[in-house]
Structures are given as structure tokens and as C-alpha cells.
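Data block below; observations after.
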Amino acid sequence: MNLIEKNTFRELANDLTRDEFTCIFGPCSAESRDQVLEAASTIAKAFPNALFRSGIWKPRTRPGAFEGIGAEGLSWLIEVKELYGLEPITEVATPAHVEAILRSNIKYVWVGARTTVNPFSVQELAEALRGSDVTVFVKNPVNPDVSLWIGAIERMQRAALKEVKAIHRGFYTHESSAFRNAPRWELVIDLKTALPELKVICDASHISGHPDLIPGVAQKAVDLDYQGLMIESHPRPKEALSDAIQQITPKELIHLMSGLIFRKAETADSEILGRLTELRDRVDGADDAILQSLIARMKLVSQIGEHKRKHNMTIFQLQRWEEVLRRTTESAQASGLSVDFVKRLWEVIHNESIRLQYDIFNRSSESSWIIQDKKSQ
Ligand code: PEP
Ligand code: MN
């Protein structure tokens with residue numbers, strides 16, 4: 001069947017296998033048998049391939065909040081599997097949780113963001129899971145540290161499990177943001193670059209923190225070729241005992257998934273490919289021009305560095321930096337480029353210029369490639 005003919009993502013998601021595109025839907029927490037079964041029955045009808053999520057043990061910031069129903073809830077997840085055929089998935093944070101899910105024959109677990117930050121905890125979980133036929137999803141750590149995330153994934157990979165995948169749930173940031181957790185999509189690109197075979201699922205609920213933002217985040221994840229979505233869905237979100245603000249009803253979930261547009265990563269159409277190649281060639285040319293401009297700029301910067309050193313002037317002069325920023329951001333604005341992007345880009349360029357001049361100030365002999373190049377001119 002040609003999957004591309006399917007025009008809504010919901011139809012398509014049902015044709016894709018659970019491995020090709022993993023839908024992880026269900027409430028933040030299991031609260032009661034009725035709540036779990038009510039959510040599961042609607043989700044199962046619309047998404048028979050989905051994994052049914054439900055937190056049994058909940059990591060909460062402050063003691064006294066609802067910390068999950070505990071092991072008793074596992075039997076409800078088993079019922080979900082028996083009654084509706086959905087495979088359940090829950091969070092494990094301690095070896096005792098792992099033992100409980102293994103006893104209940106649950107085949108899917110995730111490691112939460114607060115656990116991924118701690119290599120001791122991750123290693124303990126990996127040992128408890130070792131050799132089991134469980135698939136583990138490792139959420140990103142709360143802090144934007146890709147190495148820590150990779151480390152946790154590697155610990156799980158070495159435990160010879162069924163499969164290890166990643167979940168992108170966004171990062172804590174001190175800056176104010178519309179999102180509950182800043183997505184920092186570029187960090188997932190770093191992760192995929194380090195581990196190209198790894199499948200990454202987007203937890204659009206914990207990134208968004210609000211139902212209004214979930215469709216945009218989910219669509220972006222699909223556009224970036226993620227291999228699945230996690231979305232929290234509760235029959236009565238307002239009554240939810242955890243994450244009440246961000247949960248959506250199963251009906252809203254169906255509506256949301258039906259609205260997503262599926263785009264493909266590859267095409268066999270030679271006309272489309274030809275045009276793409278032509279445009280990419282031109283992008284390569286533009287990249288070359290950027291690089292040549294950077295080389296020219298850094299050569300000038302190194303001459304300025306020498307000049308300042310000779311005449312005992314400071315490397316950094318605030319007024320000059322403000323002038324550079326003003327000129328570049330004004331041109332950006334006039335041309336329609338993002339001012340924020342140009343500002344961030346020039347901060348990087350300026351930092352490198354300072355580093356280069358610092359090198360020149362602290363070098364006993366003239367040896368950098370830029371100086372050598374200048375001499376040979
Ligand atoms: C959750 O999925 O309900 C959860 C607690 O997630 P995180 O670890 O991403 O905060
Ligand atoms: Mn939650």
C-alpha cells in the first residue's frame with residue numbers, strides 16, 4: 001500500500017507499525033480503574049497500535065502531591081492489554097519498580113527526565129532490566145546536556161534489552177518561555193548525529209505544558225522525522241491528579257492526530273529530486289560564500305588584533321560591539337531575516353574574533369594561519 005495516499009496522519013499512524021511510528025497515548029497518571037479503562041477504550045478504537053501510557057509511580061517536585069497509585073495500578077494496565085489490546089507503558093525509577101513491571105509482564109517502560117540526570121540511578125535500572133525483553137524509552141534529562149542523555153541511552157543499550165529509544169520532552173530553562181519545557185530541537189539533532197540508528201519520540205505534552213501548543217509541537221516533530229509521539233490524554237483533564245493543565249481528552253487527541261500533516265523524508269520522483277538537488281547545490285554555493293566571507297573577516301580581525309597589541313589598546317570596546325550589532329541587526333530587519341538569529345550569529349562571530357585577538361595578544365611569535373597568510377600576500 002502506498003502510505004503517502006493516506007491524507008491524515010491518524011489514518012497513516014494506524015498503517016505504520018508500532019516500531020515505525022510509536023504513538024504513546026494515555027493519562028499522565030493512573031488514578032482509578034475506571035479512569036484508566038475509560039481512556040484506554042477510546043484510544044484503542046482510534047489507535048489500535050498505540051502504547052497506552054500511565055504513570056504508576058509519579059516523581060513530584062514537592063512531597064504531599066499525588067505520588068501515583070503504586071503497584072495496585074499495574075493490574076489496571078494488564079486489563080487494558082487484555083480488554084483493548086493496547087500494550088501498556090509506565091515510568092520506572094527504581095529497581096523495585098522494574099521488578100514489579102517484570103512480574104506483571106509489562107514490556108514497555110520509560111525512564112523519566114529526573115532519573116536520566118543521575119547515572120547511578122540509570123545504571124541500577126539497567127542492571128534490574130538486564131537481559132529482559134523490555135523496550136526502554138529514555139527521556140532527555142531535565143537539563144540541556146546531550147552527553148548525559150547519550151550516557152543513559154548507552155547504559156541501557158549495554159543491558160541487552162529488546163530495544164532502547166529516546167523521548168524528547170524538552171528542557172528546563174530559566175528564561176521565560178511559552179513552553180513548559182524549552183524544546184531546544186537542535187539538541188535532538190545533536191543526539192541523532194551521535195546515534196543515527198536511535199529512534200526518537202516527541203513528548204509534545206511535557207514540552208508544551210498547555211493543550212494549545214501541543215498541535216504545533218507535534219506537527220514540528222513529524223516534520224523533523226521523529227519516530228513517534230507521546231501525548232497525555234485523560235477522560236476529564238480538569239479532574240486529573242497530575243498535569244491537569246496540559247492533558248487533553250481522548251476525543252481531542254483524535255482530532256489533533258487527524259489534523260497532523262504527514263510529510264515524507266524520501267521520494268523516488270526524479271523531477272522532485274532533481275529540483276531539490278539543484279537548490280541544494282545552490283545552498284552549497286551560498287555556504288562556500290559564507291565561509292570565504294568569514295575567512296576574510298577573521299584575517300581583518302587578526303590585523304586589528306596586531307594593531308591593538310602594538311598600540312596597547314584593549315581587545316573589547318563596548319561601543320564598537322554595539323555599533324556592529326546595530327548595523328547587522330538593522331540590515332537583518334530590513335531584509336526580513338530574523339533579528340534574533342542574526343544577533344545570535346554575530347555573538348558567535350564576535351566571540352571568535354575576541355578569541356583570535358586574545359591569541360595574538362598572548363603569542364610570543366607570529367604563528368597563526370592568518371598571520372602566515374598575511375605574510376605570504
Ligand atoms: C511523565 O511522562 O508523566 C513525566 C513525569 O515525564 P517527565 O519525566 O518528562 O517529567
Ligand atoms: Mn505528566
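The values are calculated or read from the model by the stated rules, or taken from the named source; none is laboratory data. As the structure is a computational prediction, the values presented were derived from the model and not from experiment. Ideal geometry is used to build each Cβ from the backbone, glycine not excepted, and the neighbour counts take in all protein chains shown.
Summary table below
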{"read-out": "Residue that is surrounded by the fewest Cβ atoms within 10 Å (Cβ to Cβ), among those in region 33-67 that are in contact with a strand residue (DSSP E or B) (Cβ under 8 Å, 6 or more places away or on another chain) and in contact (Cβ under 8 Å) with a residue 60 or more places away in the chain", "value": "Phe66"}
{"read-out": "Given (1) free of Cβ contacts under 8 Å to residues at least 12 places away in the same chain; (2) more than 20 Å from the chain's Cα centre (by Cα), index of the condition Ser147 fails", "value": "(2)"}
{"read-out": "Candidate set: region 218-247, residues that are surrounded by fewer than 24 Cβ atoms within 10 Å (Cβ to Cβ), free of Cβ contacts under 8 Å to residues at least 60 places away in the same chain and assigned to a helix (DSSP H, G or I); chosen: the one farthest from ligand 1 (Cβ to nearest atom)", "value": "Asp223"}
{"read-out": "Failed condition for Asp212, given (1) more than 24 Å from Ile150 (Cβ to Cβ); (2) among the acidic types (Asp, Glu); (3) surrounded by 23 or more Cβ atoms within 10 Å (Cβ to Cβ)", "value": "(3)"}
{"read-out": "Residue satisfying all of: in region 62-75; part of a loop (DSSP other than H, G, I, E, B) and away from ligand 2 (no atom under 16 Å from the Cβ); modelled with the highest pLDDT among these", "value": "Gly70"}
{"read-out": "Any hit, region 39-61, residues being assigned to a strand (DSSP E or B), more than 16 Å from Pro235 (Cα to Cα) and assigned by TED's automatic domain parsing to the domain that holds Pro95", "value": "yes"}
{"read-out": "Answer from Val92, Val146, Val109 - the residue that is hydrophobic (A, V, I, L, M, F, W, C) and either surrounded by fewer than 17 Cβ atoms within 10 Å (Cβ to Cβ) or over 25 Å from Glu38 (Cα atoms) (or both)", "value": "Val146"}
{"read-out": "Single match in Val222, Val136 (criterion: over 16 Å from Ile89 (Cβ atoms) and among the β-branched types (Val, Ile, Thr))", "value": "Val222"}
{"read-out": "Residue match in region 254-276 (condition: assigned by TED's automatic domain parsing to the domain that holds Met156 and within 16 Å of ligand 2 (Cβ to nearest atom))", "value": "no"}
